[in-house]
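I have placed the structure first, in the form of structure tokens, so that the comments after it can refer back to it.
What follows draws every value from the coordinates through simple rules; no lab data is involved. Nothing here was measured: the structure is a model prediction, and the numbers come from that model. Here the Cβ positions follow ideal geometry from the backbone for every residue, glycine too, while neighbour counts run over all protein chains shown.
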Amino acid sequence: MKKREDKMPIVQVELLEGRTHEQLAKMVKDMTDVIVTDIGASREAVHIILREMPKDHYSVGGVLKSDQ
């Protein structure tokens with residue numbers, strides 16, 4: 001079994017723009033809590049990268065989200 005300090009998860013999340021700072025802050029806190037609990041990583045070792053994209057840079061079924 002690996003030592004706790006050997007675990008440095010890097011999580012990447014891609015999402016459409018439009019969430020508030022408070023929503024994003026809660027999301028990364030909750031994700032960090034789950035990672036710490038489930039895999040035993042230290043809180044300081046958890047890295048989360050958020051990539052927000054404009055709705056006109058994403059489509060579903062050939063239709064831009066900005067047009068829906």
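With +1 on each Lys and Arg Cβ and -1 on each Asp and Glu Cβ, and nothing else charged, work out how big the dipole of region 4-57 is about its Cα centre, in Debye to the nearest 20.
Charge dipole, region 4-57, about its Cα centre: 60 debye, nearest 20.
List the residues whose amide H sits under 5 Å from the amide H of Val11, counting only those 5 or more places along or on another chain, with H placed 1.01 Å from N in the peptide plane.
His47, Ile48, Ile49
How far apart, in nm, are two points set 7 Å out from the Cα along the Cα-to-Cβ line at Thr20 and at Gln68?
Between Thr20 and Gln68, the simple spin-label model gives 2.4 nm.
Give me the percent relative contact order of the chain, please, defined on Cα pairs under 8 angstrom at least 6 residues apart. Can you show the working numbers first?
Details: 72 pairs, mean separation 28.8, N = 68.
Contact order relative to length: 42 percent.
So how far apart, in nm, are the two label points at Glu44 and Met31 if each is 7 Å from Cα heading toward Cβ?
So the label points at Glu44 and Met31 sit 2.2 nm apart.
Which value in deg cm²/dmol, rounded to the nearest 500, describes the helix-derived mean residue ellipticity at 222 nm for the chain, given -39,500 (n - 2.57) per DSSP H run of n ≥ 4 and division by the residue count?
The helix contribution divided over the chain gives -9500 deg cm²/dmol.
Round to the nearest 10 and give me the degree value, 0 to 90, for the angle of helix 21-39's Cα axis relative to the longest principal axis of the chain.
Helix 21-39 and the main axis of the chain meet at about 40 degrees.
Can you give me the Rg/Rh ratio for the chain, using Cα atoms for both radii and the Kirkwood formula for Rh?
Rounded to two decimals, Rg over Rh is 1.14.
Note the count of lysine pairs whose C-alpha atoms are less than 26 angstrom apart in the chain, limited to pairs 8 or more residues apart or on different chains.
8
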